[in-house]
Amino acid sequence: MAFDADVRPFLLEVPDSEVDELRRRLDLASVPTDSPGAAGLSGLSMERLDGLLRYWRETFDWRAQERRINRLPHVLAEVHGQQVHAIVAPAEPVGGRRPLPIILSHGWPYSPVEMTRIVPALTAAGMEVVIPSLPGFGWSDPFTDRPFTSTEVARLWHALMTEVLGHERYLSYGEDVGTLVSDRLAATQPEAVAGLFATHAAFAPASRAHDLSPEESAWRTALDKRWSGATGYASIQATRPDLLAAALLDSPLGLAAWVVEKLLAWSGERPERWWSDDDLLTTVCWYWFSGSIGTSFRPYLDDPHETEMPLIDVPVSVLVQHGERGFPRHHAARTYRDIRSWAELEDGGHFAAWQNAEEVARGIVELEAAVA
């Protein structure tokens, strides 16, 4: 794959000294006992964390995971003065027309790795797949002169796709924090974004959430109940990001506890079905070796700078993630004005591209064929 002067290949190669330092810290780590009455409040028990620590010390092979990650091409791109790390997976040759590329936006506590399970099916269908690390995540520089908002990231992603990678039109998909970025791309760049695929469909903002139907009100009430008592992490990340980062950057076990709890808690029933210890620890190590856990909190700290999502006119295909089952289509239609298809995932949880890779990839390919 040839790149211009603004893009250079990137190989993930953590120095031996950093791997050795991680091992030293793990040898000194200790797991507390469960607090009385805490069972069920968290997605990660201390017994489970202790088993993960033992596996990390005795079995986990970071170099093997590094080789796996490096099987896909990575780049560092200079985009409007920002360093952006991205996986850029080239399309496989297909007969006839050349399908549109797609940009995938991950969330927190993700890395681009959790989006890669859908890559083989998309590239086999002739689509180039671009998965940038959000600003301040992994090896992408954080914003230093502006807040982290979906508007700013969408502007950066559009420049990456058009000015740097040379695509006039493309599709967009995102999860979690990346959902806002993906939606904002579609809202602000309708000439370039040919279609939007969503598993985390847009909630109507306050100005469009009036006169809710009984179905909408019941669904939002049920969702609020489901999340009751589960948003403390977001409050801490929004109000004490540096203090939290100081603790997590000093303790790999603490970092694992903070990240893994969310990966498990948001994965629906039987989370161990979806994640191996290798998977969990690879994500933790991505944050550890990049030193980016603190800057990954910026979407929470800067949330007050977010503006209302405009109406979206590009074609949209929705496959509702299982954690938001029952999402009323007419609620999403308060933001998406051209919904071409609507379905629900029957299993899984928050991490749709990871947990439901086959269904998500198939939906993207079908959307691309419909809008190209």
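For the range 247-299, give me each residue that is farther than 23 Å from residue 11 by Cβ, in a helix (DSSP H, G or I), under 18 Å from the mean Cα position of the chain (by Cα) and not hydrophobic (A, V, I, L, M, F, W, C).
261, 262, 271, 298, 299 - these are the residues of the range 247-299 that are farther than 23 Å from residue 11 by Cβ, in a helix (DSSP H, G or I), under 18 Å from the mean Cα position of the chain (by Cα) and not hydrophobic (A, V, I, L, M, F, W, C).
How many of the residues making up the range 66-102 are in contact with a Lys or Arg (Cβ under 7 Å, 6 or more places away or on another chain) and either under 29 Å from residue 369 (Cβ atoms) or buried (at least 22 other Cβ atoms within 10 Å of the Cβ) (or both)?
2
Only one of these is modelled with pLDDT of 95 or more and in contact with a Leu (Cβ under 7 Å, 6 or more places away or on another chain): 245, 234, 218, 256. Name it.
256
Being over 20 Å from the mean Cα position of the chain (by Cα) and part of a helix (DSSP H, G or I) is the filter here; which residues of the range 314-349 pass it? So that I can check it myself, show each step before the final result.
First, the residues of the range 314-349 that are over 20 Å from the mean Cα position of the chain (by Cα): 314-315, 326-343, 346.
329, 330, 331, 332, listed by residue number.
Can you confirm whether the range 266-282 contains a residue that is small (Gly, Ala, Ser), more than 21 Å from residue 141 (Cβ to Cβ) and either surrounded by 13 or more Cβ atoms within 10 Å (Cβ to Cβ) or touching a Lys or Arg at 6+ places or on another chain (Cβ under 9 Å) (or both)? Steps first, answer last, please.
If we filter the range 266-282 for residues that are small (Gly, Ala, Ser), which is where we start, we get 267-268, 276.
Now narrow it down to the ones that are more than 21 Å from residue 141 (Cβ to Cβ): 267-268, 276.
If we keep only those that are either surrounded by 13 or more Cβ atoms within 10 Å (Cβ to Cβ) or touching a Lys or Arg at 6+ places or on another chain (Cβ under 9 Å) (or both) too, we end up with 267-268.
Scanning the range 266-282, I find at least one residue that is small (Gly, Ala, Ser), more than 21 Å from residue 141 (Cβ to Cβ) and either surrounded by 13 or more Cβ atoms within 10 Å (Cβ to Cβ) or touching a Lys or Arg at 6+ places or on another chain (Cβ under 9 Å) (or both), so the answer is yes.
Report yes if residue 207 is out of contact with any helix residue (DSSP H, G or I) (no Cβ under 6 Å at 6 or more places or on another chain), in contact (Cβ under 8 Å) with a residue 24 or more places away in the chain and not in a helix (DSSP H, G or I), otherwise no.
Against the criterion (out of contact with any helix residue (DSSP H, G or I) (no Cβ under 6 Å at 6 or more places or on another chain), in contact (Cβ under 8 Å) with a residue 24 or more places away in the chain and not in a helix (DSSP H, G or I)), residue 207 does not qualify.
Could you please tell me which pairs satisfy a Cβ distance under 6 Å, a separation of 6+ or placement on different chains, a first residue in the range 245-263 that is free of Cβ contacts under 8 Å to residues at least 60 places away in the same chain, and a second residue that is of a type outside the set (A, V, I, L, M, F, W, C) and not in a helix (DSSP H, G or I)?
245/294
Here is a check on your reading of the model: is residue 223 in contact with a Gly (Cβ under 6 Å, 6 or more places away or on another chain) and surrounded by 14 or more Cβ atoms within 10 Å (Cβ to Cβ)?
Here the answer is no, as residue 223 does not meet what is asked.
If you check every pair at least six apart or on different chains, which have Cβ atoms under 6 Å apart with a residue in the range 142-169 that is under 11 Å from residue 79 (Cα atoms) first and a residue that is of a type outside the set (Lys, Arg) and assigned to a loop (DSSP other than H, G, I, E, B) second?
Close Cβ pairs satisfying both conditions: 158/189; 159/80; 161/167; 164/6.
Using the structure shown, decide if residue 235 is out of contact with any Phe, Trp or Tyr (no Cβ under 7 Å at 6 or more places or on another chain), part of a helix (DSSP H, G or I) and either basic (Lys, Arg) or farther than 22 Å from residue 321 by Cα (or both).
Judged against the criteria, residue 235 is a match.
For the range 320-334, enumerate the residues that are under 18 Å from residue 359 (Cβ atoms), charged (D, E, K, R) and touching a residue at least 60 places away in the same chain (Cβ under 8 Å).
324
The values are calculated or read from the model by the stated rules, or taken from the named source; none is laboratory data. Small disclaimer: the values here were computed from a predicted structure and weren't measured. All Cβ positions, even for glycine, are placed from backbone atoms using ideal geometry, and neighbour counts span all protein chains on display.
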